[in-house]
1. For Ala283, work out the one condition from (1) surrounded by fewer than 16 Cβ atoms within 10 Å (Cβ to Cβ); (2) in contact (Cβ under 8 Å) with a residue 12 or more places away in the chain it doesn't fulfil.
2. Collect the residues in the range 128-160 that are among the acidic types (Asp, Glu) and more than 19 Å from the chain's Cα centre (by Cα), keeping them in residue-number order.
3. Among the strands (runs of 3 or more DSSP E) confined wholly to the range 42-122, which include 1 or more residues that are surrounded by fewer than 22 Cβ atoms within 10 Å (Cβ to Cβ) and within 25 Å of the chain's Cα centre (by Cα)?
4. Which helices (runs of 4 or more DSSP H) does the range 297-400 wholly contain that include 3 or more residues that are in the same structural domain as Leu257 (by TED's automatic domain parsing), touching a residue at least 24 places away in the same chain (Cβ under 8 Å) and touching a Ser or Thr at 6+ places or on another chain (Cβ under 7 Å)?
5. Step by step: first the residues of the range 213-238, then only those that are under 22 Å from Leu280 (Cβ atoms) and hydrophobic (A, V, I, L, M, F, W, C), then the one that is modelled with the lowest pLDDT. Which residue is that?
6. Take the residues in the range 223-240 that are among the polar types (S, T, N, Q) and not in a helix (DSSP H, G or I); name whichever of them is surrounded by the fewest Cβ atoms within 10 Å (Cβ to Cβ).
7. Return the pair list, or none, for Cβ contacts closer than 6 Å from residues in the range 51-76 that are at pLDDT 90 or above to residues that are surrounded by 18 or more Cβ atoms within 10 Å (Cβ to Cβ) and of a type in the set (Asp, Glu), at least 6 apart or on different chains.
Amino acid sequence: MTDFVRAHARALRKRLAEPRRFIQVVAGPRQTGKTTLARGVAESSGAPFHYASADEPTLRGRGWIAEQWELARARTREAGARGALLVLDEVQKVPGWSESVKRLWDEDTRAKRPLKVVVLGSAPLLIQRGLTESLAGRFEVLRLPHWSYAEMREAFGFSLEQYLFHGGYPGAASLVREPERWARYVVDSLIETTISRDVLLLTRVDKPALLRRLFEVGCRHSGQILSYTKMLGQLQDAGNATTLAHYLDLLAGAGMLAGLQKFAGRAVRSRGSIPKLQVLNTALMTAQSGMRLEEARANREYWGRLVESAVGAHLANAAATGACELFYWRERNREVDFVARAGRALTAIEVKSGRSGDAQPGMEAFTAAFKPARRLIVGGDGIALEEFLARPVERWIAPA
């Protein structure tokens with residue numbers, strides 16, 4: 001168990017130990033340790049608990065949650081005043097899950113049953129929709145992003161180069177010495193499973209082939225600013241920008257691919273901007289590239305994009321947990337790779353895979369326009385890439 005996992009475990013354990021009752025929601029992409037975390041906390045709590053998972057090829061019926069809830073209530077009656085714990089995994093797979101949870105939770109509240117509930121989900125967008133529609137005022141969320149460089153280094157001994165290429169999937173770490181097997185695992189067990197079971201099976205997608213091709217194009221062009229018109233040209237589809245923007249939101253919600261918006265000082269302008277494509281785990285790029293680590297390292301252009309994508313993923317995963325908002329900035333030929341906003345403080349970040357020169361016209365132009373609290377160069381003559389990735393994003397984006 002890494003320091004970061006221990007921190008999440010402490011946070012969940014503390015919440016469950018409080019006398020007040022809230023539905024504890026643990027959300028994040030596949031392979032981020034949600035199940036291991038929840039089961040470990042439940043087993044160490046000393047209280048009776050019931051664990052059940054809805055992660056099956058076919059959707060569970062509406063009565064499934066009620067059945068599991070009754071089993072947990074039975075444990076609660078046996079436990080007496082100390083109560084019991086119910087853990088529902090992949091709960092978003094059940095149709096109408098949030099309405100069922102609301103009804104049963106409210107019944108327990110009225111009956112003063114000491115049953116505490118943890119729900120887990122690997123499709124954060126769908127989890128959030130259910131929470132806001134039915135469970136307002138009844139839940140707290142603990143978000144688990146993809147594993148960071150510090151976590152993969154601590155748990156599996158990853159070097160910086162291994163992390164840049166193989167990314168932050170703990171379940172695939174044991175396969176890195178077998179490149180073909182590792183790539184097949186990422187593509188078949190992670191990418192395909194996430195798209196088919198966390199996106200297409202649970203959300204209305206009128207053009208599933210377009211969504212899949214968009215994901216492939218996004219991985220090939222991670223770190224690049226690409227207009228929807230150019231995307232549609234590469235996708236060879238008669239779709240529209242609204243459809244692509246919606247599909248990018250779905251892929252981002254599944255922890256795969258995001259479209260960063262341009263920072264403009266006003267949110268309304270940012271939302272309508274050309275997106276900068278950003279993978280949320282660099283393994284999504286490399287597993288589909290057909291390259292091995294040595295080949296990728298020898299390709300300076302590709303390695304440079306991989307470095308920028310790793311920095312972007314580090315920032316984007318922090319943004320997904322609420323640590324900051326993340327944008328890019330460009331005016332004419334002047335550009336800043338990433339702009340992080342925490343509260344009212346801005347941090348401008350440039351990524352260099354080689355030595356950085358003195359001239360930073362994009363950074364200077366952005367500073368003149370928006371006066372960021374911090375200006376960071378990552379790589380080259382700036383902050384060492386390994387140091388930047390090894391520390392939490394909050395360390396870098398706090399006001400100077």
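1. The one condition Ala283 does not meet is (1).
2. Just the residues of the range 128-160 that are among the acidic types (Asp, Glu), to begin with: 133, 140, 151, 154.
If the condition is that a residue be among the acidic types (Asp, Glu) and more than 19 Å from the chain's Cα centre (by Cα), then Glu133, Glu154 are the ones that fit.
3. On the way: elements: 49-53, 84-89, 115-121.
Answer list for the range 42-122: 49-53, 84-89.
4. On the way: elements: 300-320, 361-370, 385-390, 394-397.
Filter on the range 297-400 gives 300-320.
5. Residues of the range 213-238 under 22 Å from Leu280 (Cβ atoms): 213-228, 230-231, 234-235.
Remaining after also requiring hydrophobic (A, V, I, L, M, F, W, C): 214-215, 217, 219, 225-226, 231, 235.
Working: Leu214: 94, Phe215: 96, Val217: 94, Cys219: 97, Ile225: 94, Leu226: 90, Met231: 87, Leu235: 81.
Looking at residues that are under 22 Å from Leu280 (Cβ atoms) and hydrophobic (A, V, I, L, M, F, W, C), I get Leu235.
6. Initial filter on the range 223-240 (among the polar types (S, T, N, Q)): 224, 227, 229, 234, 236, 240.
Applying the additional criterion that residues be not in a helix (DSSP H, G or I) yields 224, 227, 236, 240.
Working: Gln224: 15, Ser227: 12, Gln236: 8, Asn240: 12.
Step by step, filter the range 223-240, then rank; the result is Gln236.
7. Final answer for the pair search is Ser53/Asp89; Ser53/Glu90.
Condition check ((1) closer than 23 Å to Trp303 by Cα; (2) touching a Phe, Trp or Tyr at 6+ places or on another chain (Cβ under 9 Å)) across all residues:
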| site | (1), (2) |
| --- | --- |
| Gln162 | yes, yes |
| Arg177 | yes, no |
| Asp188 | no, no |
| Arg197 | no, no |
| Val205 | no, yes |
| Phe215 | yes, yes |
| Arg220 | yes, no |
| Gly223 | yes, no |
| Gln234 | yes, no |
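The values are calculated or read from the model by the stated rules, or taken from the named source; none is laboratory data. Treat the numbers as computed from the prediction; the structure is a model and nothing was measured. All Cβ positions, even for glycine, are placed from backbone atoms using ideal geometry, and neighbour counts span all protein chains on display.
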